């Protein structure tokens, strides 16, 4: 058994978004393996959060860094052994300097690229970036104090950081707490690449992070976990000597009844995040007209999840139904044989696509939605098309041909059984957890080397 501390700003216990489902699945895995798990949540626990956490196993310990007035007082620097300076980073001054540096960088790029097309491309991210917080701006001195206090209290052997944006909090740990602590960061995606994709789509990103910033943060860790192989290659280029391993998202496997019964409907499931809103608008505004051109009288589409709120009051094509937020997503897969994944922006692995494959659904996806699942595409377990006309044709084929939908869904289930099991997904993390305490030099399980020098941690 290993003492594990997880650091996150994601309310994973809600399990309403793909990122929450990924973290919740990992938490259940760690508890099932018998590890002693503590979670530090960077933020406030609302009454609804406390109620939801009561449904989780008692072995899960969750502490928030920001407390209500009625709660215990915030720890002091003396109680953690951390220097006071590490808790007062001067966030406002840092943010101002960061914005100024970004402006200078943008101006230099403008002077080097005077062509109208390139200049307009550079101007878009510059405009959007002014509203984006840098990683250090996400954390308060209270967050740093509470995190350091938790490390001092738990004395974990392994720290699992959720998202690279949380890595700056490592600076709150004095050397006495940092020594011997193995740190793994679950990246979820390549944040700098995701940010660029948002900018190209004319949308602000939730984090200001360039490739050089991301590289420095990754190099403060001992192991970087990528959500898919394509990200692993990109993250390894950023992480330098720090090892990067793929940690896919494991999914439950089940063949649902809708795979062999009629009537047939298409499911789109997504949270209220911007990429999901963009995807469902694409279905309604571009795929539906393409279906009409192919002679379809209606669009048998069910939209479920938080994304439904973005469609309130909007005229819908005949056949489209809004299911809203559904607590039991398994029931949705039981009544839908076909899943649409027309994601046009974002990064990482689309959890909704992985879950649909594990449910034995026939999945039609745009190329971006299939990133990291290229093996599934090559195995005939995932249909990838590009453009509204091709997307509409693929959906109509599966709607009209039950055997084709069953064949694609069966292939998806078989591929998931071989590639999305917990054993396969968590191999690298399990190796880190089973390394004996204090033996951080050398390798993990003889396969994953651990970088321990200051240069590798970005402090050289």
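Read the figures in this text as sums done on the coordinates, not as results from a lab. From a predicted model like this one, the values you see are computed outputs, not experimental measurements. Here Cβ is always computed from backbone atoms with ideal geometry, including for glycine, and neighbour counts include all displayed protein chains.
Straightening the chain between residue 1 and residue 229 buys 79.2 nm, computed as 0.36 nm per residue apart minus the Cα-Cα spacing. Each residue, residue 377 and residue 56, gets one label point 7 Å from its Cα in the Cβ direction; the gap between the two is 3.5 nm. For the stretch 240-339, what does the alpha-carbon gyration tensor say about shape, rounded, prolate or oblate, given a ≥ b ≥ c as the root eigenvalues, a/c under 1.5 as rounded, and a/b over b/c as prolate? Taking the square roots of the gyration eigenvalues as a ≥ b ≥ c, the stretch 240-339 is prolate. Once the C-beta distance of residue 196 and residue 140 is scaled by a Förster radius of 22 Å, the resulting FRET efficiency is 0.20 to the nearest 0.05.
Projecting label points 7 angstrom from Cα along Cα→Cβ for residue 316 and residue 403 puts them 3.4 nm apart. Going by the alpha-carbon gyration tensor, a ≥ b ≥ c the square roots of its eigenvalues, is the stretch 257-420 rounded (a/c under 1.5) or, if a/c is not under 1.5, prolate (a/b greater than b/c) versus oblate? Taking the square roots of the gyration eigenvalues as a ≥ b ≥ c, the stretch 257-420 is rounded.
Between residue 48 and residue 28, the contour length at 0.36 nm per residue exceeds the alpha carbon distance by 5.2 nm. Under the shape rule built on the C-alpha gyration tensor, where the axes satisfy a ≥ b ≥ c, the stretch 168-266 is prolate, since a/c reaches at least 1.5 and a/b is greater than b/c. For the pair residue 423 and residue 178, a Förster radius of 25 Å applied to the C-beta separation gives a FRET efficiency near 0.20, rounded to the nearest 0.05. Compared with the direct C-alpha span, the chain from residue 390 to residue 286 gains 36.3 nm at full extension, assuming 0.36 nm per residue.
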